[in-house]
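Take this structure first; my questions come after.
The values are calculated or read from the model by the stated rules, or taken from the named source; none is laboratory data. Bear in mind that the values here come from a model prediction, so they are computed numbers and not experimental data. All Cβ positions, even for glycine, are placed from backbone atoms using ideal geometry, and neighbour counts span all protein chains on display.
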Amino acid sequence: MELSERKMKILQAVVRNYLETGEPVGSRTISKYTDLNLSSATIRNEMADLEEMGYIVQPHTSAGRIPSDSGYRLYVDTMMEEKTKEVEELKEDLLKKEERLDQLLKQTAKLLATNTNYATMISAPSIHKNKLKLIQLSRVNTTQLLTVIVVEGNVIKNSIINITDEITEETVLKLNILLNTHLNGMSIDEINLGLISSLKQQAGIHSDIVGEVIDAVAEAIHEEEDLEIYTSGANNIFKYPELADGKMASEIVGTFEEKQELNELVVRTLEQENNTGIQVYIGDESPVKAMKDCSIVTATYDLGEGMKGTIGIIGPKRMDYDKVVDNLKGVMHQLDSIYKK
């Protein structure tokens, strides 16, 4: 029998509260725990219905209830259905945004080069992810689990966990409840040894699975990604006599083609503690060896959820700094408004 929205919320509150405390849950607790704004009497009536339907049970003569196996099953099936839908929507949304952003960044690099008459670069956003959004375990077969991990920036990582003992669907569902209840919204620094020990203890004979999942979470959060860098206007360097010397110009243009040193510039810029402003490197201050006779002006754009990238304009030391800074500020604002639409 399908539950009403109100009954479903009360059942979810019973399950979550019992998972957190291990104690039978009463109507007063539920009235404080949900946003239903119902009286204790109404909640007692609904809980009586849920008990009659077999979703919760009264373990002894106290007023508290705990979830039955059927209650756990309904809770988990509903949660997993919602989470699966959320993951699919995230994937679709991310693919659309990535395709749109790729074109936008290429156009931005070209526009900046045209507007400033200098060489320009812009990096695709790297994901400075640090918080876990979702863990989803599912059976591949009796000895393998697929782990889907979603972290900030809607980055999705999959991994396979091999297990020695056969595992049932019911056990997988209970592990999903355990892991998501305790770990969602946490950074890797917050997942300390005490918490890991507690989770392993609750997982019992499946404690090894908890350990492997947490290792996979740490890897997903810390995984380094290859930076994509778009460039434009490298030939503008030849417009300035002090940079047009054959060897010097060749090294600068080569840097734009190879991109390795530009990659280091991006990493250095993003690692700055206060990296949301505009930074100016003049001459020997440049972190790029081939550009010691240039000025580099960089800015960090921030698309939210840990997604940050670097915009850079490279020209002679006598560049029009006011114009460059105005262009960078304009681009940062446009990226923010267009991407978040």
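For segment 41-64, which positions are touching a helix residue (DSSP H, G or I) at 6+ places or on another chain (Cβ under 6 Å) and either outside any helix (DSSP H, G or I) or surrounded by fewer than 14 Cβ atoms within 10 Å (Cβ to Cβ) (or both)?
Listed by number, the residues that qualify are Gly54, Tyr55, Ile56.
Quick one: His128 ticks every box in (1) at pLDDT 80 or above; (2) under 18 Å from the mean Cα position of the chain (by Cα) bar one, so which box is it?
It is condition (1) that His128 fails.
Now for a separate question. Taking segment 9-33 only, how many residues are buried (at least 18 other Cβ atoms within 10 Å of the Cβ) and not in a helix (DSSP H, G or I)?
3
For segment 243-255, check the following and say yes or no: at least one residue is modelled with pLDDT of 80 or more, under 30 Å from the mean Cα position of the chain (by Cα) and of a type outside the set (Gly, Ala, Ser).
no
Follow-up question, since we're still on this one. Go through (1) farther than 16 Å from Val172 by Cβ; (2) at pLDDT below 80 for Thr84 and report which single condition fails.
Looking at each condition in turn, Thr84 falls short on (1).
Leu38: of a type in the set (A, V, I, L, M), at pLDDT below 85 and under 19 Å from Arg73 (Cβ atoms), yes or no? It would help to see each step written out before you state the result.
Working: of a type in the set (A, V, I, L, M): yes; at pLDDT below 85: yes; under 19 Å from Arg73 (Cβ atoms): no.
For Leu38, the condition - of a type in the set (A, V, I, L, M), at pLDDT below 85 and under 19 Å from Arg73 (Cβ atoms) - is not met.
Kindly indicate which of Leu19, Leu38 is of a type outside the set (S, T, N, Q) and more than 32 Å from the chain's Cα centre (by Cα).
Values: Leu19 fails: more than 32 Å from the chain's Cα centre (by Cα).
Of Leu19, Leu38, the one residue that is of a type outside the set (S, T, N, Q) and more than 32 Å from the chain's Cα centre (by Cα) is Leu38.
Per-residue answers, yes or no, for (1) over 23 Å from the mean Cα position of the chain (by Cα); (2) closer than 16 Å to Arg139 by Cβ; (3) modelled with pLDDT under 85:
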position: Lys157; (1), (2), (3): no, no, yes
position: Glu169; (1), (2), (3): yes, yes, yes
position: Leu175; (1), (2), (3): no, yes, no
position: Gly185; (1), (2), (3): no, no, yes
position: Ile188; (1), (2), (3): no, no, yes
position: His206; (1), (2), (3): yes, yes, yes
position: Ile209; (1), (2), (3): no, yes, no
position: Val217; (1), (2), (3): no, no, yes
position: Ala234; (1), (2), (3): yes, no, no
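Please work out which one of (1) among the β-branched types (Val, Ile, Thr); (2) touching a Ser or Thr at 6+ places or on another chain (Cβ under 8 Å); (3) surrounded by 12 or more Cβ atoms within 10 Å (Cβ to Cβ) is the condition Ile160 fails and give its number.
Result: Ile160 passes all but (3).
Is there any pair linking a residue in segment 256-271 that is free of Cβ contacts under 8 Å to residues at least 60 places away in the same chain to one that is of a type in the set (Gly, Ala, Ser) and assigned to a helix (DSSP H, G or I), with Cβ under 8 Å and at least six apart or on different chains, and which?
Correct list of pairs: Glu257/Ala234; Glu261/Ala290.
Still on this model: Looking at (1) within 30 Å of Val325 (Cβ to Cβ); (2) touching a Ser or Thr at 6+ places or on another chain (Cβ under 7 Å); (3) of a type in the set (D, E, K, R); (4) at pLDDT below 80, which is the only condition Lys110 fails?
(4)
Any idea which of (1) of a type outside the set (Val, Ile, Thr); (2) free of Cβ contacts under 8 Å to residues at least 40 places away in the same chain; (3) closer than 17 Å to Ala203 by Cβ is the one Leu178 doesn't satisfy?
Just one mismatch for Leu178, condition (2).
Next up: Quick one: count up the residues across segment 186-201 that are surrounded by fewer than 18 Cβ atoms within 10 Å (Cβ to Cβ) and touching a Leu at 6+ places or on another chain (Cβ under 7 Å).
1
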